Amino acid sequence: MQGNRSMVSEQGPGGVQSRRERKIALQQDVDKLRKKLRHEENVHRVLARAFTRPLGVLPRLPPYLPSHLENDLVLPVICTVRLKTLKLLAEVAVLEEEVVRLEEQVVNFLQGLYQEAIYGSSSEQNRFPSPK
């Protein structure tokens, strides 16, 4: 390690400057990765909440998901993606409720058929007594 330090001091101001620049660049990379990690964790939380959301509650994107970025070129894309995501989530919520309604309707129809079958078989037995 001391050999490296002596090399840096021997390189002069240019060597020290490039080392500082590298350190700054690495710190910026770490900051970007931390932001990306926070975003991914937030997306994970949103998706987990979406799967446990009760019926009748319309989905929404929480405020901690980014609606903008520093880069002006990326801003319209992010807003468009966010809007499309909200529309898709709302559509999924409506479809989920429609599926639940249809499932309930199927259960009611099956119960009706079962009642008819029981009523029909009991009325037939009353009309035609079984031979002994």
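Each value in this text was obtained by applying a stated rule to the coordinates, not by laboratory testing. Since the structure is predicted, the reported quantities are computational estimates derived from the model, not experimental observations. We place every Cβ from the backbone using ideal geometry, glycine too, and count neighbours over all the protein chains shown.
Just order 107-118, 80-91 by mean Cβ neighbour count inside 10 Å, highest at the front, would you?
Per-residue Cβ counts within 10 Å, averaged per peptide and sorted highest first, yield 80-91, 107-118.
Multiply the residue gap between Ala90 and Arg19 by 0.36 nm, knock off their C-alpha separation, and tell me the result in nm, one decimal place. Working shown, then result.
Numbers: separation 71, 0.36 × 71 = 25.56 nm, distance 5.11 nm.
Once the chain is fully extended between Ala90 and Arg19, it gains 20.4 nm.
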